[in-house]
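Asker: Pasting in a structure now, in structure tokens, and then I'll have a few things to ask.
The values are calculated or read from the model by the stated rules, or taken from the named source; none is laboratory data. Quick caveat: nothing in here was measured; it's all calculated off a predicted structure. Cβ coordinates were reconstructed from backbone atoms using ideal geometry, including for glycine residues, and neighbour counts include every protein chain displayed.
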Amino acid sequence: MSERTIKKGTTVYFGAPAHPMPKTRADAIAQAVAQVPGIVEAHLPQCFIEGDEEARQILVVGVLKRGEISQIAQALTDKFQLIFEPGQSIDILPFEAGAVPAGVRQAGCQIFAAEKKAWWKLW
């Protein structure tokens, strides 16, 4: 798994994909995401990062704890070996759940949302 750091101040654009991946692949990604503890939401928007040559569809995940991002990304990468052919992959852009950009949610590409328990059922 290679890692890329996006520099602070870099403009990142999100939107609905012009040519979304096949539904069967998106469903398989959603199933993999649902199996990884710590993920509270996941989206498959199109993303363009300032300085890149082209936009691409990526996986954005909202996680409960920032400190678990590396383990979550590795768990997803391991599961994606069953979904993607050798040489294929999808970029994963993780955020703490409260920091997922509004543009990601506005793109309307959510594939997973963790079940929210009512506050009175937390005990």
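Asker: State whether one or more residues within region 5-14 are buried (at least 19 other Cβ atoms within 10 Å of the Cβ) and touching a helix residue (DSSP H, G or I) at 6+ places or on another chain (Cβ under 6 Å).
Answerer: Yes - at least one qualifying residue is present in region 5-14.
Asker: Another question about this same structure. Across region 32-58, what is the total count of residues that are within 10 Å of Phe112 (Cβ to Cβ), outside any loop (DSSP other than H, G, I, E, B), in contact with a strand residue (DSSP E or B) (Cβ under 9 Å, 6 or more places away or on another chain) and not charged (D, E, K, R)?
Answerer: 6
Let's see how each residue does on (1) more than 19 Å from Ile29 (Cβ to Cβ); (2) at pLDDT 95 or above:
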residue	(1), (2)
Ala75	no, yes
Ile83	no, no
Gly108	no, yes
Ala118	yes, no
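Asker: Identify, please: which residue in region 1-29 is part of a loop (DSSP other than H, G, I, E, B) and over 16 Å from the mean Cα position of the chain (by Cα) and is, among those, modelled with the lowest pLDDT?
Answerer: That would be Lys7.
Asker: Out of the residues in region 53-73 meeting the condition of being among the polar types (S, T, N, Q) and surrounded by 13 or more Cβ atoms within 10 Å (Cβ to Cβ), tell me which one is nearest to Ile111 (Cα to Cα).
Answerer: Gln57
Asker: Something else: Filter region 93-116 down to the residues that are over 12 Å from the mean Cα position of the chain (by Cα) and either surrounded by 15 or more Cβ atoms within 10 Å (Cβ to Cβ) or not acidic (Asp, Glu) (or both) and list them by number.
Answerer: Correct list: Gly98, Ala99, Ala102, Gly103, Gln106, Ala107, Gly108, Ala114, Lys116.
Asker: Pull up region 76-92, narrow it to residues that are touching a residue at least 24 places away in the same chain (Cβ under 8 Å) and under 17 Å from Glu3 (Cβ atoms), then point me to the one that is surrounded by the most Cβ atoms within 10 Å (Cβ to Cβ).
Answerer: Leu76
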